[in-house]
Amino acid sequence: MKLSVSEFKNSHRKCLTLLGMSGVGKTHLAKLLSHQDKYFHYSGDYRIGAEYLNDKILNNIKSHVRQDKWLRNLLDNESISIQNNITFDNLSSVSAFLGKTGNPELGGTPIDTFVVRQAMHLNAETKAMLDVPQFIQKSKTQGFNHFINDAGGSLCELDNEQVYQTLSDNTVILYIRASKTNETALVERAQTHPKPLYYQADFLKQQLDIYLQKNHLIYVAQIDPNEFVRWVFPRLLEHRKPKYEAIAKKYGYIIDSEDLYQCKHANEVFELIYGAMN
């Protein structure tokens, strides 16, 4: 929602959606505010893994377990069970399910399976964001004063006006824009710790075609999955930046990551938000 500084200051219940790449400071902002008051922290990525992809995650793990005959027998006769112990701070099961496409012998996911899982993630993230209003109401009944929607970095890739309008109707959208220094750090992290990511279907196809041609490869199954993530991440970052900007321009406000990192207390965060609203 678009608010004036005075409207935001005087609102008894502050509801925020934090937008931006993973690593720009969304969780840092949420923790600073939570130190001062009682915020309900809604994690879109957690909701995706715990609710909308939970069964698919478990089925994927079980299929791997069943490749071992000894473990398969224990699982089938219910001597062992498998759980998805996802937490706000540990989303590894979601990442493992999403995977990285490329050579299966190097841990890659076959492209057909990868594309299907990307579509599943898109659907799950859409539903998780449309759940925000019901969780705002839930947070009220649980005695929370305020609400933070810590959205995933791929929120800008949904290209779903219903989602963005729903978030705007119920929350103040804050885009945390990465500084050049921050962008460099994000790219460096992707080089040392390449992780599974969501890509829009057209973007993924285009980048795979470029990578194959550039490296004189014929099939996606020949790609080193980690090398592809390292190569594509800077391109994904540039692909997402104008999308973040467009959402913020239409529905919300922009604060810079460098300014946010200077904040040590909730009051300093609010001053940053007030400045963005002016």
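What follows is calculated from the coordinates using simple rules that are stated; it is not laboratory data. Everything numeric in this text was worked out from a predicted model, so none of it was measured. Glycine also receives a Cβ, built like all others from the backbone with ideal geometry; neighbour counts cover every protein chain displayed.
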The ³J(HN,Hα) series, computed from each phi in the range 193-210 with the Karplus coefficients 6.51, -1.76 and 1.60 at θ = phi - 60°, rounded to the nearest Hz and given as x for glycine or proline, is 9, x, 10, x, 9, 8, 10, 4, 4, 5, 4, 4, 4, 4, 5, 5, 4, 5
As a percent rounded to 5, the proportion of antiparallel DSSP bridges among beta bridges in the chain is 5 percent
If amide H atoms are modeled at 1.01 Å from N in the peptide plane, then the residues at a separation of 5 or more from LEU19, or on another chain, having amide H under 5 Å from its own are LEU174, TYR175, ILE176
Nearest 10, in degrees from 0 to 90: the angle of helix 26-36 to the longest Cα principal axis of the chain is 40 degrees
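Shape verdict for the chain, please, from the Cα gyration tensor: rounded (a/c under 1.5), prolate (a/b greater than b/c) or oblate. Walk me through the numbers on the way to the answer.
On the way: a/c = 2.22, a/b = 1.44, b/c = 1.54.
Since a/c reaches 1.5 but b/c is at least a/b, the shape of the chain is classed as oblate.
Provide the gained length on full extension for the span ASN215 to LYS38, in nm with one decimal, where the gain is 0.36 nm per separating residue minus the Cα-Cα distance. Present the calculation step by step, with values, prior to reporting the outcome.
On the way: separation 177, 0.36 × 177 = 63.72 nm, distance 5.19 nm.
Difference between extended and current length: 58.5 nm.
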Of the residues ALA178, LEU208, MET1, the Cα lying farthest along the dipole of the chain towards its positive end, which is defined by charges on the beta carbon of Lys, Arg, Asp and Glu, belongs to MET1
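Based on the Cβ-Cβ distance of GLU105 and GLN83, what FRET efficiency does E = 1/(1 + (r/R0)^6) give at R0 = 35 Å, to the nearest 0.05?
Details: r = 29 Å, r/R0 = 0.83.
Once rounded, the FRET efficiency stands at 0.75.
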For GLY108, the residues 5 or more places away or on another chain with a placed amide H closer than 5 Å to its own amide H are ASN103
Among GLY107, GLY44, GLY20, the residue with the largest mean-square fluctuation in a Gaussian network model of the chain built from Cα contacts under 10 Å is GLY107
dims of the range 51-122, Cα set, principal axes, largest to smallest, nearest Å -> 34, 31, 19
Taking the range 1-137, the lysine pairs whose C-alpha atoms sit under 30 Å apart (8 or more places apart or on different chains) add up to 25
Residue-ordered couplings for the range 255-268, obtained by feeding phi - 60° into the Karplus form 6.51 cos²θ - 1.76 cosθ + 1.60 and rounding to whole Hz (Gly and Pro as x), are 10, 9, 4, 4, 5, 5, 5, 7, 6, 10, 9, 4, 4, 5
One finds, for ASN278 and LYS31 with R0 = 30 angstrom and r their Cβ-Cβ distance, a FRET efficiency to the nearest 0.05 of 0.75
With Cα springs under 10 Å, the Gaussian network model of the chain assigns the largest mean-square fluctuation among THR27, THR192, THR101 to THR192
Distance in Å, no decimals, from the C-alpha centre of the range 11-79 to the one of the range 235-278 is 24 Å
Taking r as the C-beta separation of MET120 and GLN222 and R0 as 25 Å, the FRET efficiency to the nearest 0.05 is 0.50
Mean-square fluctuation maximum in Gaussian network of the chain, Cα pairs under 10 Å, restricted to HIS146, HIS64, HIS28, hits HIS64
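Listed highest first by mean packing, meaning other Cβ atoms within 10 Å per residue, what order do 120-126, 84-90, 233-239 come in? Before the final figure, lay out each step's value.
On the way: 120-126: 19.7, 84-90: 13.1, 233-239: 16.4.
Highest to lowest by the protection proxy: 120-126, 233-239, 84-90.
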